[in-house]
1. Pairs, please: C-beta under 6 Å, at least 6 apart or cross-chain, first residue in contact (Cβ under 8 Å) with a residue 24 or more places away in the chain and in the range 28-42, second assigned to a loop (DSSP other than H, G, I, E, B) and not hydroxyl-bearing (Ser, Thr, Tyr)?
2. Only one of Tyr44, Tyr16 is at pLDDT 95 or above, farther than 18 Å from His89 by Cβ and over 16 Å from the mean Cα position of the chain (by Cα). Can you tell me which?
3. Within the set of pairs 6 or more residues apart or between chains, which connect a residue that is closer than 15 Å to Val52 by Cβ inside the range 14-26 to a residue that is part of a strand (DSSP E or B) and of a type in the set (S, T, N, Q) with Cβ atoms less than 7 Å apart?
4. Would you be able to tell me the number of residues in the range 76-97 that are without any contact (Cβ under 8 Å) to a residue 24 or more places away in the chain and either farther than 23 Å from Ile49 by Cβ or touching an Asp or Glu at 6+ places or on another chain (Cβ under 9 Å) (or both)?
Amino acid sequence: MIKNIINKQTHYKPAYGEIESHVIFDDEHNRYTLLEMGWDHKKYIHDCIIHVELINDKIWIQYDGTEESIATHLLRAGVPQNDIVLGFHPVKMRQHTEFAVN
């Protein structure tokens, strides 16, 4: 499911430059990433768009640079909120979200 969500995000291209999407799926370590790389005129672009990990049977969203959040896609796919951790928030902030703390 995570791979499908990330693969769908590769269809969204930046409106500027010659930027390509690169997916990195590491099933051995349960890490899934979407990078954008390329050139915008004379500036080299290398950005992480999505970084998700599976840790202790939870889906940890470590970074989400998408317009519609990865968490939203996961919820639509039927993943319970208590199985999703917004790892990019400090622990003290996570308790105020609708998602798992850790």
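1. Note: pairs meeting the criteria are Asp40/Gly17.
2. Of Tyr44, Tyr16, the one residue that is at pLDDT 95 or above, farther than 18 Å from His89 by Cβ and over 16 Å from the mean Cα position of the chain (by Cα) is Tyr44.
3. Ile24/Thr33
4. So the count comes out to 8.
The values are calculated or read from the model by the stated rules, or taken from the named source; none is laboratory data. Every value quoted in this text rests on a predicted model; they were computed, and no experiment measured them. Methodologically, a virtual Cβ is constructed for each residue, glycine included, from the backbone with ideal geometry; neighbour enumeration extends over all protein chains shown.
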